[in-house]
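Trainee: The structure is given below, and queries will be raised subsequently.
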Amino acid sequence: MEITVAKSAGFCFGVKRAVDTVYSEVEKGGRIYTLGPIIHNDEVVSDLEKKGVTVINDTSQLHDIKEGCIIIRSHGVSKKVYDELVSSGLKIVDATCPFVKKIHGIVEKDSREGKKIIVIGNPTHPEVEGIVGWCVGNNSATVIENEDEAADFEYDKNNGITVVSQTTFTPGKFKDLVEILRKKGYNVNVVNTICNATCERQEEARKIASEVDMMIVIGDSKSSNTQKLYEICSRECKCTLYVQNTDNLETDLTGSLQRVGITAGASTPKNIIEEVQNYVRINF
Ligand code: F3S
């Protein structure tokens with residue numbers, strides 16, 4: 001059996017940078033907190049917990065912290081949360097991915113100039129919640145996730161609109177949603193902020209999935225970019241599995257497999273990808 005592992009599988013630049021930042025703060029010593037789990041991966045989060053890193057869920061918990069360092073994860077945070085962190089007087093280490101930071105800057109600048117902001121993405125994803133929170137003045141952002149929402153969008157057609165995207169959104173779907181807004185007659189300034197790492201990962205996954213008998217997508221069930229990979233691969237390969245690690249791998253489907261493809265979301269550590277690859281080699 002031939003196994004193809006996507007070259008782009010696993011940690012992206014921003015996630016690696018954030019995880020490395022936490023480990024490097026651990027080395028320096030002192031109390032360390034992350035605002036939310038540093039990545040969508042239970043194994044990494046529990047390893048860090050063992051090293052004394054505590055996850056706090058929101059800024060209301062800051063009152064109980066007298067000393068230490070708070071790390072902002074790669075998803076970034078809203079301006080309100082950022083300001084609360086800074087005014088806490090604790091040491092703040094900002095591991096927001098620079099590509100996400102760039103979106104914050106666009107949203108802050110354009111909303112300050114009076115433009116309406118549209119974010120194409122999932123409204124409940126922390127990255128999108130953070131981006132929306134960089135709108136300043138009286139402007140609030142609208143999040144559009146699907147065609148119905150784009151079709152229902154209503155706003156003053158004389159007003160400028162800036163459209164940005166969640167970094168992990170699917171490029172084709174982003175284009176379709178922008179097209180709907182344009183057809184409705186809106187004057188949109190579109191800034192495609194989808195991350196290249198995401199595009200490359202999705203394109204490579206799509207290609208591998210179209211050539212194999214079984215495709216395995218590894219990642220946490222809460223990881224948005226892994227869910228998108230699963231959707232893309234499922235369209236190309238009927239037998240696509242979504243697993244977090246080897247525990248979820250079904251072997252009863254594997255009798256006549258000749259080619260298996262493997263990819264993984266941006267929060268999946270290399271060792272889990274290797275474990276799945278070895279498991280497939282031995283058991284399938
Ligand atoms: Fe950053 Fe792109 Fe990863 S935006 S966090 S490098 S997917």
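The values are calculated or read from the model by the stated rules, or taken from the named source; none is laboratory data. Computed from a prediction, not measured in an experiment: that's the story for all the values here. FYI the Cβ positions are ideal-geometry reconstructions off the backbone, even for glycines, and counts take in every protein chain you see. Surface areas here come from the heavy atoms of the whole protein model, side chains and all, with no ligands, DNA or RNA. Shrake-Rupley method; radii C 1.70, N 1.55, O 1.52, S 1.80 Å.
Trainee: Rg to Rh for the chain: what is it, with Cα atoms only and Rh by Kirkwood? It would help to have the intermediate numbers written out before the result.
Mentor: Values: Rg = 20.6 Å, Rh = 20.3 Å.
Computed over Cα atoms, the ratio is 1.01.
Trainee: Please identify the trypsin sites (Lys or Arg not before Pro) of segment 219-284 that satisfy two criteria: DSSP loop assignment and at most 11 other Cβ atoms within 10 Å. Which are they?
Mentor: For trypsin sites (Lys or Arg not before Pro) across segment 219-284 that sit outside H, G, I, E and B with at most 11 neighbouring Cβ atoms in 10 Å, the list reads LYS238.
Trainee: For segment 127-166, what does the convex hull of the Cα positions come to per residue, in cubic angstrom?
Mentor: Per-residue hull volume (Cα only) is 82 Å³.
Trainee: With the chain treated as a Gaussian network of Cα nodes joined by springs under 10 Å, which of SER88, SER224, SER210 yields the largest mean-square fluctuation?
Mentor: Of SER88, SER224, SER210, the most mobile in the Gaussian network model is SER88.
Trainee: By the scheme Lys and Arg +1, Asp and Glu -1, what is the net charge of all other residues having a beta-carbon under 9 Å from that of GLY121?
Mentor: Result for the local shell: -2.
Trainee: Okay, moving on. In whole Å, largest first, what are the principal axis extents of the Cα atoms in segment 49-92?
Mentor: Here the Cα extents, ordered largest to smallest, are 31, 24, 16 Å.
Trainee: Zone of ILE56 (label point 7 Å along Cα→Cβ, backbone N under 16 Å): which residues in segment 74-95?
Mentor: Under 16 Å, as judged by backbone N against the label point of ILE56, lie 77-78, 80-95 of segment 74-95.
Trainee: Here's a follow-up. Run the numbers on the chain and let me know its relative contact order in percent, using alpha-carbon pairs under 8 Å that are six or more apart.
Mentor: 22
Trainee: Ignoring ligands, DNA and RNA, what accessible area per residue does the chain give at 1.4 Å, in Å²?
Mentor: That works out to 48 Å² for each residue.
Trainee: If you don't mind, another one. Let's test the formula: R0 of 30 Å, r as the Cβ-Cβ distance of ASN271 and GLU250. What FRET efficiency results, to the nearest 0.05?
Mentor: Values: r = 22 Å, r/R0 = 0.72.
Calculated transfer efficiency: 0.90.
Trainee: Determine how large the accessible area of ASP148 is when every protein chain is in place; take a 1.4 Å probe and give Å² rounded to the nearest 10.
Mentor: Near enough 110 Å² of accessible area.
Trainee: Additional query: How many percent of all Cα-Cα pairs in segment 106-176 sit more than 19 Å apart?
Mentor: Beyond 19 Å sits 30 percent of the P(r) for segment 106-176.
Trainee: Something else: Which listed residue (SER234, ILE106, VAL217) has the Cα farthest towards the positive end of the charge dipole for the chain, taking +1 on Lys and Arg C-beta and -1 on Asp and Glu C-beta about the Cα centre?
Mentor: ILE106
Trainee: Moving to a separate point now. How big is the Rg/Rh ratio for segment 131-284, C-alpha atoms only, Rh by Kirkwood, two decimals?
Mentor: Working: Rg = 19.3 Å, Rh = 17.6 Å.
Here the Rg-to-Rh quotient is 1.10.
Trainee: May I pose another question? When the scattering of segment 211-266 is computed by the Debye formula from its Cα atoms alone, each counted once and equally, what is log10 I(q)/I(0) at q = 0.17, 0.24, 0.25 Å⁻¹?
Mentor: Log10 I(q)/I(0), no solvent term: -0.48, -0.93, -1.00.
Trainee: Given only helices, namely DSSP H runs of n ≥ 4 each adding -39500 (n - 2.57), what is the per-residue ellipticity at 222 nm of the chain, to the nearest 500 deg cm²/dmol?
Mentor: So the helix-based figure for the chain works out to -12500 deg cm²/dmol.
Trainee: List the trypsin sites (Lys or Arg not before Pro) within segment 1-93 that fall in a DSSP loop (any state other than H, G, I, E or B) and whose Cβ has at most 14 other Cβ atoms within 10 Å.
Mentor: LYS7, LYS51, LYS66
Trainee: Let me ask another. May I ask which residue of ALA151, HIS125, THR162 lies farthest towards the positive end of the charge dipole of segment 118-172, with charges of +1 (Lys, Arg) and -1 (Asp, Glu) on Cβ and the Cα centre as origin?
Mentor: About the Cα centre, the residue reaching furthest to the positive side is THR162.
Trainee: About its Cα centre, how strong a charge dipole does segment 116-232 have in debye, to the nearest 20, once Lys and Arg get +1 and Asp and Glu get -1 at the Cβ?
Mentor: On the way: 12 positive and 18 negative charges, 75 e Å.
Dipole magnitude for segment 116-232 comes out near 360 debye.
Trainee: Once you keep just the Cα pairs under 8 angstrom separated by 6 or more residues, what percentage relative contact order results for segment 161-284?
Mentor: Relative contact order here is 25 percent.
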